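Chemist: Below you will find the structure I want to go over with you.
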Amino acid sequence: MKKMKKPPLTIGATDLARLTVLAEQVEGRSPEIAQELLAELDRAKATPDNAVAEAVVRMGSTVTFTTGGETRTVTLVFPGEADIAAGKVSILTPIGTALLGLSVGQSMSWTARDGRAHELSVLDVRKPMA
């Protein structure tokens, strides 16, 4: 699979600040995950929280996407809230990091923990509950 160019990302200022701190906190025990998240935060365009479009994946968003020929719907959450059975995916997973900041119609390649490359495409984003 050829590596696709990474799409532009948008992230709200609050998510950017909280996720930067989180990545720095886990860097000692999960350096690869922390580095991947920091790299994504680095290339994201930070905007005021109220200026982030509803179609952009942010913390707490419920996202429907395709990957590996299947369609999945998950909610992007902080690690303490993660629950795969309930469809809550941690930002500290490869797929969680890949989803952050994407908007409807964008695609992104991501690497699973087993080292295999995958591609995902965002179909729908529902904004976080207030």
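The values are calculated or read from the model by the stated rules, or taken from the named source; none is laboratory data. Keep in mind that what you see is a predicted model, and the values were worked out from it rather than measured. Here Cβ is always computed from backbone atoms with ideal geometry, including for glycine, and neighbour counts include all displayed protein chains.
Chemist: Go through the stretch 18-35 and give me each residue that's free of Cβ contacts under 8 Å to residues at least 40 places away in the same chain, surrounded by 12 or more Cβ atoms within 10 Å (Cβ to Cβ) and part of a loop (DSSP other than H, G, I, E, B).
Modeler: Passing the criteria: only Glu27.
Chemist: Pairs please, first residue from the stretch 77-104 and under 18 Å from Ile11 (Cα atoms), second anywhere and surrounded by fewer than 17 Cβ atoms within 10 Å (Cβ to Cβ) and β-branched (Val, Ile, Thr), Cβ atoms under 8 Å, 6+ apart in sequence or on different chains.
Modeler: Qualifying pairs under 8 Å: Leu92/Val26; Pro94/Thr111.
Chemist: Further question on the same structure: Test of understanding: among Arg113, Arg43, Arg29, Arg72, which residue is at pLDDT 95 or above and among the basic types (Lys, Arg)? Even if it seems obvious, please write down each step before you answer.
Modeler: Numbers: Arg113 fails: at pLDDT 95 or above; Arg43 fails: at pLDDT 95 or above; Arg29 fails: at pLDDT 95 or above.
Arg72 is the lone residue from the list that is at pLDDT 95 or above and among the basic types (Lys, Arg).
Chemist: Let me ask another. Test of understanding: among Leu9, Leu38, which residue is surrounded by fewer than 19 Cβ atoms within 10 Å (Cβ to Cβ) and of a type in the set (A, V, I, L, M)? Can you show your working first?
Modeler: Numbers: Leu9 fails: surrounded by fewer than 19 Cβ atoms within 10 Å (Cβ to Cβ).
Step by step, each of Leu9, Leu38 is checked, and only Leu38 is surrounded by fewer than 19 Cβ atoms within 10 Å (Cβ to Cβ) and of a type in the set (A, V, I, L, M).
Chemist: Also, quick follow-up: I'm checking my understanding of the structure. Among residues of the stretch 47-71 that are touching a residue at least 12 places away in the same chain (Cβ under 8 Å) and among the charged types (D, E, K, R), which one is farthest from Gly105 (Cα to Cα)?
Modeler: Only one residue fits best here, namely Asp49.
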